[in-house]
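Novice: Sending over a structure as structure tokens; questions will come in a sec.
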Amino acid sequence: MNDKSKFGWLYTLVFSVVSLVYISPILMIFMNSFKKKAYINRMPFSLPDEKTFVGLENYVEGLRKTGFFSAFGYSLFITVASVLVILLCTSMCAWYISRVHTWYTKAIYMLCLISMVVPFQMVMYPLSKISDSMRLGNPVGIILIYLGFGAGLAVFMFTGFMRSVPIEVEEAAMIDGCNPLQTFFRVVLAMLKPTLVSVGILETMWIWNDYLLPSLVLDLRKYKTIPIAIQYLKGGYGSVDWGAMMAMLVLAIVPIILFYLACQKHIIKGVAAGAVKG
């Protein structure tokens with residue numbers, strides 16, 4: 001018996017334990033969303049029973065208090081629009097960086113890399129002031145801000161992949177009569193598909209779950225995303241409607257979990273294509 005077979009059961013056990021640790025918070029939120037509020041703090045790890053089970057009451061109360069459907073609409077619009085803008089702009093930028101070798105393309109690439117390591121806390125207060133002065137506190141304005149913060153990782157991954165693609169493919173398209181824009185949209189984007197999917201998944205999960213940036217930028221009297229709407233379930237003097245909060249957290253994480261499960265096979269492929277090749 002070789003070492004791989006001998007320790008296979010150990011690898012399986014460790015993987016199962018780690019998986020359970022990661023998924024346990026989601027399971028706790030789900031089962032507590034069906035409990036009476038009084039029992040969530042007292043018995044958070046127990047399954048609902050005939051004494052603690054409350055049915056869908058927490059979901060109905062949460063929907064009533066938070067304006068969930070309005071927040072869902074704003075979150076959906078901001079996430080989809082921001083991801084599309086990030087994918088389009090950063091892929092074009094990465095294509096230019098990988099094909100035009102000058103000092104300023106290198107400078108742009110380095111700035112994108114630097115933006116990945118700058119902590120958000122360093123720029124949050126200036127960002128809030130600038131967004132107010134430029135009237136970006138709305139679902140359209142915040143898309144530009146997400147473009148700025150999401151560009152670093154996206155440009156890095158796209159550039160890594162583009163450097164591995166032979167330029168002869170694009171030259172052949174230009175010989176056939178394509179101009180640069182036609183070459184990009186008809187040829188380059190098709191080759192970028194694995195990385196496009198991977199970057200799109202990562203950016204979607206980030207923007208959908210983001211609380212801090214919308215809370216700093218958006219006019220909260222008019223616009224609330226799902227994380228912000230859920231936060232409003234906290235009342236005065238530290239009181240929290242835990243039942244409604246657990247129910248709304250379930251509704252908030254279900255779409256992104258389904259999205260991730262549907263697209264997870266593309267993540268490793270895209271990350272490997274963007275970070276290993278070239």
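The values are calculated or read from the model by the stated rules, or taken from the named source; none is laboratory data. Not measured: the values here are computed from a predicted model. Every residue, glycine among them, receives a Cβ derived from its backbone with ideal geometry; neighbour counts consider all protein chains shown. Just so you know, the surface numbers come from the protein's heavy atoms only, side chains and all, with ligands and any DNA or RNA stripped out. Shrake-Rupley method; radii C 1.70, N 1.55, O 1.52, S 1.80 Å.
Novice: Could you please let me know if residue 106 is open to solvent by 30 Å² or more (accessible area, probe 1.4 Å), under 19 Å from residue 33 (Cβ atoms) and either in a helix (DSSP H, G or I) or modelled with pLDDT of 90 or more (or both)?
Specialist: no
Novice: Now for a separate question. Would you check if there is a residue in the stretch 72-86 being loosely packed, with under 15 Cβ neighbours inside 10 Å and not in a helix (DSSP H, G or I)?
Specialist: The answer is no, given that none of the residues of the stretch 72-86 is loosely packed, with under 15 Cβ neighbours inside 10 Å and not in a helix (DSSP H, G or I).
Novice: Among the residues of the stretch 81-134, count how many are touching a residue at least 40 places away in the same chain (Cβ under 8 Å), of a type in the set (D, E, K, R) and within 25 Å of residue 208 (Cα to Cα).
Specialist: Counting residues in the stretch 81-134 that are touching a residue at least 40 places away in the same chain (Cβ under 8 Å), of a type in the set (D, E, K, R) and within 25 Å of residue 208 (Cα to Cα) gives 0.
Novice: For the structure I just gave you, tell me whether residue 148 is open to solvent by less than 30 Å² (accessible area, probe 1.4 Å), within 18 Å of residue 89 (Cβ to Cβ), modelled with pLDDT of 85 or more and among the small types (Gly, Ala, Ser).
Specialist: no
Novice: Here's something else I'd like to know. Would it be correct to say that residue 131 is surrounded by 11 or more Cβ atoms within 10 Å (Cβ to Cβ), in a helix (DSSP H, G or I), among the polar types (S, T, N, Q) and over 20 Å from the mean Cα position of the chain (by Cα)?
Specialist: yes
Novice: Among the candidates 39, 11, which residue alone is open to solvent by less than 60 Å² (accessible area, probe 1.4 Å) and out of contact with any strand residue (DSSP E or B) (no Cβ under 9 Å at 6 or more places or on another chain)?
Specialist: 39
Novice: Here is a list: 165, 155, 169. Which entry is farther than 21 Å from residue 83 by Cβ, open to solvent by less than 30 Å² (accessible area, probe 1.4 Å) and either assigned to a loop (DSSP other than H, G, I, E, B) or of a type in the set (Val, Ile, Thr) (or both)?
Specialist: 165
Novice: Exactly one of (1) out of contact with any Gly (no Cβ under 8 Å at 6 or more places or on another chain); (2) touching a residue at least 24 places away in the same chain (Cβ under 8 Å); (3) charged (D, E, K, R) is unmet by residue 241. Its number?
Specialist: (1)
Novice: Return a yes/no flag: does the stretch 109-125 have any residue that is surrounded by fewer than 15 Cβ atoms within 10 Å (Cβ to Cβ) and on the phi > 0 side of the Ramachandran plot.
Specialist: no
Novice: A follow-up question, please. Scan the stretch 42-60 for residues that are in a helix (DSSP H, G or I) and surrounded by 11 or more Cβ atoms within 10 Å (Cβ to Cβ) and report the count.
Specialist: 4
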